[in-house]
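Notes follow the structure.
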Amino acid sequence: RGAGDMSIALYVSPFVQMPKSRCSTASPEVAAAFGKEPVVDDEEARKQQELKDRMEKMLRNGGDGAAAEMDVGALQAENAALKAENIELKAALDRAQAEIRALKGDSDDAATSGTKSKLKNAKAADAIVNGQG
């Protein structure tokens, strides 16, 4: 090695870490880079934009306590309604999944598994009696 040589050890990860958010014109930062408003292309993005607009309005009306409090109250009511809907939807999903498991015969319920085994035994006996087994 010459006097001017320097050894450098470089580690390169074999894994790629994807960014948490997608790069799209729905992102305010990306849209701003193009000098445009964010593209609202789905329901969730529309709701987020509405919420942002409400919050900006609330900040603008900071001197008007009644208007700001009314907006907060409306947001709290909407939040409570969405939480209740979420609970109802989760319960409905649990019931539907339980029904699917029961129909498939994947249930851990003793009555269901007993019925399933009786049905298998009856099919086997029928096959033997009818000469198909």
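Listed values, structure above:
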| quantity | calculated |
| --- | --- |
| Order by protection proxy (mean Cβ within 10 Å, highest first), peptides 6-12, 116-122 | 116-122, 6-12 |
| Cβ-derived FRET efficiency at R0 35 Å, Ile100 paired with Ile128, nearest 0.05 | 0.65 |
| Protection proxy ranking of 78-91, 47-60 - average other beta-carbon atoms within 10 Å, highest first | 47-60, 78-91 |
| Filter on Lys52/Lys90; Lys20/Lys52; Lys47/Lys83; Lys20/Lys47 - keep pairs with C-alpha separation over 25 Å | Lys52/Lys90 |
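Just so you know, all these numbers are worked out from the coordinates, no wet-lab data involved. Because the structure is a prediction, the values reported are computed rather than measured. With ideal geometry, Cβ positions are generated from the backbone for all residues, glycine too; neighbour counts draw on all protein chains shown.
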